[in-house]
Structure formats: C-alpha cells, structure tokens
1. Applying the selection to the stretch 15-69, what residues are of a type in the set (S, T, N, Q) and surrounded by 15 or more Cβ atoms within 10 Å (Cβ to Cβ)?
2. Looking at VAL45, is it β-branched (Val, Ile, Thr), assigned to a helix (DSSP H, G or I) and either touching a Cys at 6+ places or on another chain (Cβ under 6 Å) or over 25 Å from ILE90 (Cβ atoms) (or both)?
3. Looking only at the stretch 33-55, decide whether some residue is among the β-branched types (Val, Ile, Thr), under 22 Å from ARG6 (Cα atoms) and free of Cβ contacts under 8 Å to residues at least 40 places away in the same chain.
4. Test LEU95 against the criterion of being outside any helix (DSSP H, G or I) and either within 9 Å of the chain's Cα centre (by Cα) or of a type in the set (A, V, I, L, M) (or both), and give yes or no.
Amino acid sequence: MTGRRRQGFLFIRDILHVVLAIAIIVMVVFAFLAPDKYAIFFPLVFLLFSINCLLDAIKYFKNEEHNKYSFIRAIVMSILFLFMLLMSTIGFLNL
C-alpha cells in the first residue's frame, strides 16, 4: 500500500510541476506584453515559483536514497522557497 501511495504522490507532484510551469510561462508572457494591465502577475509568478520550490524541497527531503547531496539540495530549495515567498509578499504589498 505504501508503494501505491508514494506513486500517487509522485504523479500528483509531477502534474503540479507541469501545471505550475505552464501557468508561470503564460503569466510572464502577459506581464511582459502589457505590464501596466497585468501588474498583478509579477507577484503571482514569484508565488507560483515558490510553490514549485517547495515541491522540489519535499521531493529531496523524501528521497529514500539518503545521499548527502539530497539533503543539501533540500536545504537550498527550502531557502529558495522562503526567498521567493518573501519576494511575492513584497510584490503584493507594493501593488
């Protein structure tokens, strides 16, 4: 049962990565085409990227191989998540 649960989590995580990547690309294109009209997209891009970093951090923390680089990657992705979340918050406050 645990293997099925893990496979389900991996599938959902991969689907979320694809959806977030498509959403980020679309928002960035619109934000650069008409920055005044789509100013809200700039902090949203940072927010979506921070969620993407969180998904990667979870992936590296849940890595069953437990090699030393996996933990370092998880820490780096966690720090990047916090930084992007901070950038998103600052962006929303400046609107």
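1. Pass one, the stretch 15-69, residues of a type in the set (S, T, N, Q): 50, 52, 63, 67.
SER50, ASN52 - these are the residues of the stretch 15-69 that are of a type in the set (S, T, N, Q) and surrounded by 15 or more Cβ atoms within 10 Å (Cβ to Cβ).
2. The answer is no for VAL45.
3. Taking the stretch 33-55 first, the residues among the β-branched types (Val, Ile, Thr) are 40, 45, 51.
Now drop any that are not under 22 Å from ARG6 (Cα atoms), which leaves 51.
Then keep just the ones that are free of Cβ contacts under 8 Å to residues at least 40 places away in the same chain; that gives 51.
Yes, the stretch 33-55 contains at least one residue that is among the β-branched types (Val, Ile, Thr), under 22 Å from ARG6 (Cα atoms) and free of Cβ contacts under 8 Å to residues at least 40 places away in the same chain.
4. yes
Residues checked against (1) modelled with pLDDT of 90 or more; (2) under 14 Å from the mean Cα position of the chain (by Cα):
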position: LEU16; (1), (2): yes, yes
position: VAL28; (1), (2): yes, no
position: ALA31; (1), (2): yes, no
position: ALA39; (1), (2): yes, no
position: LEU54; (1), (2): yes, yes
position: HIS66; (1), (2): no, no
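The values are calculated or read from the model by the stated rules, or taken from the named source; none is laboratory data. Since the structure is predicted, the reported quantities are computational estimates derived from the model, not experimental observations. Heads up, the Cβs are rebuilt from the backbone with ideal geometry, glycines too, and the neighbour counts pull from every protein chain shown.
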